[in-house]
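Each remark here refers to the structure printed beneath this line.
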Amino acid sequence: MSESKLLSSLMTALVAGGIAYAVVSGARAPRVDARGARLDVTHVATKSAEASLDPHTGELTIVSDDRKRRQIGLSVVVDKKTRALSFPRSALQRQGDSIVADIALDADGGELPVRLTLRPDRDTDSFEILLHVRTSIPGAHTLALRADLASEGGAFLSGVGEIDEVAKSTGGALVDGADRAVAVSSAQGEITAAVEAPAARATAKNMHYAVFSPEAGIRAEGAAEVDSPAARGNRTGLVVTSAPTTAKAWGQMFGATKVATAAVVGAVWGASERTRVYGLDDEGRPRVRAIVDPGQRFQLDVPPTVVSWYAALGSSETSAPIRNVPGSGYELHLDVSPGGELQVKVVDGDTSQPLLARVIVHGVDGTFDPSFGPDYRASGAGPLVDVTHGELKTPLPKGRYRVAATKGIEWSIDAQTVDITPGHTRAATLTLRRVVPTPGFVGCDLHVHARPSFDSPVSVEDRVVSLVSAGIEFAVPTEHNVVGDYGPALAVLDLARSMATVPGVEVTTYNPKIGHFGVFPYPVGPPPPYRGTTAAGIFTAVHRDPTRVVQVNHPRMPRGIGYFSIAGYDGKNPRNGSLRTDFDTLEVYNGYESPERAKVEVVMRDWYGLLNAGLRIAATGSSDSHRIQYQWAGYPRTLARVEPGRGGDGKSAVEPAQIVAAVKKGRSVITSGPVIELTLDGKGPGEDVSIGEDAVKVHVRVLAAPWVDVTTLEIVAQGQVLAKRTFPSRPLGLGPEVGSLEEAEARTVRWEGDVDVTLPPPPPPPPSVPGKPDAPARPQWLIAIAKGDRKMDDILPFMPVAPMAFTNPVWIQRTRAR
């Protein structure tokens, strides 16, 4: 036997012997990656990628089978504070295909024992990084995982769209890159993506993103097994996948997070460069985006809710939208060709002056709505643009559009249909008129958010523009535990004559959570107490200045947010229980809840209980807006009545102190559309009237702009409906209002007249106390409510709100026992 053959035989025998020993002794072969290389304790692998975790820096490195690598910095967020993820290498252990480490994280009040798991999923070529709290520590705590990565081609967030500005947004999954894509999502729910402040001259390719997993709330009732159902609320994590294309990244990500999908196959025609293919849901929200090379067919595995598709080269070169349900078997053909240009002017029909207003561009006859930008920018949020100088000039894809302009509930809406053709410019002049006369009323938004709030990406300047475009004349910035001030933005934008303001804050309580409270005016600087405090502590601290307002915001909002829900308030017995009632105003009509009237009516019944107890707590309505495109600023609003010449006529300057006093007193009407004027014996909301008879006449006038629906009027006293009037719904009224201004104003009166009502029996007087004078009888109260049936999203996109308005009470002192 030759020397080489002898050596080969020896090696074969040694290998066979080693295998036999492993089988006989139960020894386990070392972990290897897809290429057969041995993995150490810091590495895990899937079929086509390998991930390694540096325990000292928290850096996760993913290397694909084409040797391309993405580096992701991992850290943890404990009790809202970002902390480094760093621990000894010796803490890492291999557990099957995964690696785990039991570590302790710094938390308020001690250390939080956590298990970190890095788990590969070979079927979807993804990696899950999971944090799980093994045992609890005293107090309530929160935990999230943070991943930092640099962009390699621009990021898209499912449910939001492209994100390219310094802001936070919440969505389903983030996909970044083009040639080699990376996707980040979570099996525990929606993620939050934040664009970090970029360096000068930043582009989509050098942006930096921070992605946060859903926040886990940590309970304090003791230890829980890692995989027990009781422990699932104590875990949070992220799933990361790397794919050769964005189209494959979506399929891998949906598979890794156990989302059912079906295939959509297609191609883009008429393109000589890369195009972006978008998939939207039935509500028009962008859910997926794929980068497609020219001449290349694509396949996207997406959920069945992604049903509308279009391709885009730029803002003016997009295909017509096509409806294609995933799994239908039909191939998408998306044709991209050049578009034209739209020029819009918005003017006041009575002064011919340009108006700061909101322009809405809506595709009709099969044309898709354009998107002028992300949902938080006043200069372009979906199909909306707030034009600061009354002009818009923008490229548009070819097609037919309805172009409309609005400036709030007191103004008409003008609209025109335009056809955009390639290479041509189409001009449209839209004429608005202030047709609802509201002298003495000042439109107020007392609860609204911008970027100082952690949950709003809107800049302060964009928020101010969105308020003025909605016809708001007084606004309070209510950022979470940050005192806001619109003054500087109003000065920079030269809008100080258009809108007045005072500094304010939303006290967002924490540890314990007792509710959210609006406070205004409040000096810029440290906010009122919000952590480890009580309602009494907040109210007392704020009321050291008796001119300030303390407002209970969204009192019935769930998830530990609503004051009434947390305190267990019962409107039938409002003076019992732990609820402090020494606040000034109650946000009865909240914009977040306005699409569901039943939720608003629950809070109205709560308010009735307070009024029946003799508590003079004024109602308010505010938008609670956190975005531009959705949940518009100024809807609903509070119309505060001030003295003649103190604002509300569009001419005289608004005096903030007068408005604050009117809001606190209840001299106001709350509305998302209609306007109500109510008097009883010459007295209006927030005023007292002495009545000796049971039968009284209530004078009411209901006004509404041509596009606002109003169908019912109710008179309510002590929570009882005393009278009701109904009138037919009017069709949507768009276009320039003809005739003189007086004629146009007269057409906005939907109903006016006297309503005969019989007041309910007065409440019994308080029991006498020996040695003390008798307490005065508790007053009665009376309000008017107007409602419409047709929702406003037939002209205001993303506003599925049926109009409603109600007054604050007229207080009735009964001068004669029944």
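Per-structure values
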| quantity | calculated |
| --- | --- |
| Test: residue in region 265-282 that is closer than 30 Å to T117 by Cβ and either in contact with a strand residue (DSSP E or B) (Cβ under 6 Å, 6 or more places away or on another chain) or not polar (S, T, N, Q) (or both) | no |
| Residue among T478, T501, T534 that is among the β-branched types (V, I, T) and open to solvent by less than 20 Å² (accessible area, probe 1.4 Å) | T478 |
| Residue among D794, D789 that is closer than 30 Å to Q416 by Cβ, open to solvent by less than 90 Å² (accessible area, probe 1.4 Å) and out of contact with any strand residue (DSSP E or B) (no Cβ under 7 Å at 6 or more places or on another chain) | D794 |
| Any hit, region 430-442, residues being open to solvent by 10 Å² or more (accessible area, probe 1.4 Å), more than 27 Å from the chain's Cα centre (by Cα), farther than 30 Å from Q551 by Cα and among the aliphatic types (A, V, I, L, M) | no |
| Those residues of region 643-659 which are modelled with pLDDT under 85 and under 14 Å from T501 (Cβ atoms), in sequence order | G647, A653 |
| Selection status of G314, on the phi > 0 side of the Ramachandran plot and either of a type in the set (V, I, T) or surrounded by fewer than 16 Cβ atoms within 10 Å (Cβ to Cβ) (or both) | no |
| Filter result for the condition that a residue is touching a helix residue (DSSP H, G or I) at 6+ places or on another chain (Cβ under 6 Å), under 29 Å from M799 (Cβ atoms) and either outside any loop (DSSP other than H, G, I, E, B) or at pLDDT 95 or above (or both), over A662, A640 | A640 |
| Qualifying residues in region 599-634 (those that are in contact with a helix residue (DSSP H, G or I) (Cβ under 8 Å, 6 or more places away or on another chain) and either assigned to a loop (DSSP other than H, G, I, E, B) or aromatic (F, W, Y) (or both)) - the one nearest to V448 (Cα to Cα) | A633 |
| Per-region count, region 604-637, residues touching a Ser or Thr at 6+ places or on another chain (Cβ under 9 Å), of a type in the set (K, R) and open to solvent by 10 Å² or more (accessible area, probe 1.4 Å) | 1 |
| Residue list for region 272-311, filter: open to solvent by less than 20 Å² (accessible area, probe 1.4 Å), of a type in the set (A, V, I, L, M) and touching a helix residue (DSSP H, G or I) at 6+ places or on another chain (Cβ under 7 Å) | V288, A290, L300, V302 |
| Region 336-357, residues that are open to solvent by less than 10 Å² (accessible area, probe 1.4 Å) and farther than 24 Å from W309 by Cβ | V344, V346, A357 |
| Pair list, Cβ < 8 Å and 6+ apart or interchain, from region 286-299 residues that are closer than 17 Å to F156 by Cβ to residues that are acidic (D, E) | R287/D281; R289/E162 |
| Residue within region 729-752 that is surrounded by 12 or more Cβ atoms within 10 Å (Cβ to Cβ) and touching a helix residue (DSSP H, G or I) at 6+ places or on another chain (Cβ under 6 Å) present | yes |
| Of the criteria (1) open to solvent by 30 Å² or more (accessible area, probe 1.4 Å); (2) assigned to a strand (DSSP E or B); (3) closer than 19 Å to V160 by Cα, which one F368 fails | (2) |
| Residues that are more than 24 Å from R531 (Cα to Cα) and surrounded by fewer than 21 Cβ atoms within 10 Å (Cβ to Cβ), drawn from region 64-86 | S64, D65, D66, R67, K68, R69, Q71, G73, S75, A84, S86 |
| Residues (touching a strand residue (DSSP E or B) at 6+ places or on another chain (Cβ under 7 Å) and farther than 23 Å from A661 by Cβ) located in region 556-589 | I561, Y563 |
| Residues (in contact (Cβ under 8 Å) with a residue 24 or more places away in the chain, of a type in the set (D, E, K, R), over 30 Å from D348 (Cα atoms) and not in a loop (DSSP other than H, G, I, E, B)) located in region 678-737 | K683, D688, K697, E714, R725 |
| When residues of region 409-427 are limited to those that are surrounded by 13 or more Cβ atoms within 10 Å (Cβ to Cβ) and of a type in the set (G, A, S), the one farthest from P674 (Cα to Cα) | A415 |
| Qualifying helices (runs of 4 or more DSSP H) (wholly inside region 473-585; at least 1 residues being under 25 Å from the mean Cα position of the chain (by Cα) and of a type outside the set (S, T, N, Q)) | 487-492, 563-567 |
| Region 487-513 residues that are farther than 30 Å from I566 by Cα, paired with ones that are open to solvent by 20 Å² or more (accessible area, probe 1.4 Å) and in a strand (DSSP E or B) (beta carbon under 7 Å, 6 or more apart) | G487/T501; L490/T501 |
| Options G373, G363: the member that is in a strand (DSSP E or B), of a type in the set (G, A, S) and surrounded by fewer than 24 Cβ atoms within 10 Å (Cβ to Cβ) | G363 |
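The values are calculated or read from the model by the stated rules, or taken from the named source; none is laboratory data. None of the values given here were measured: they were computed from a predicted structure. Every residue, glycine among them, receives a Cβ derived from its backbone with ideal geometry; neighbour counts consider all protein chains shown. Accessible surface areas use protein heavy atoms only, side chains included; no ligands, DNA or RNA. Shrake-Rupley method; radii C 1.70, N 1.55, O 1.52, S 1.80 Å.
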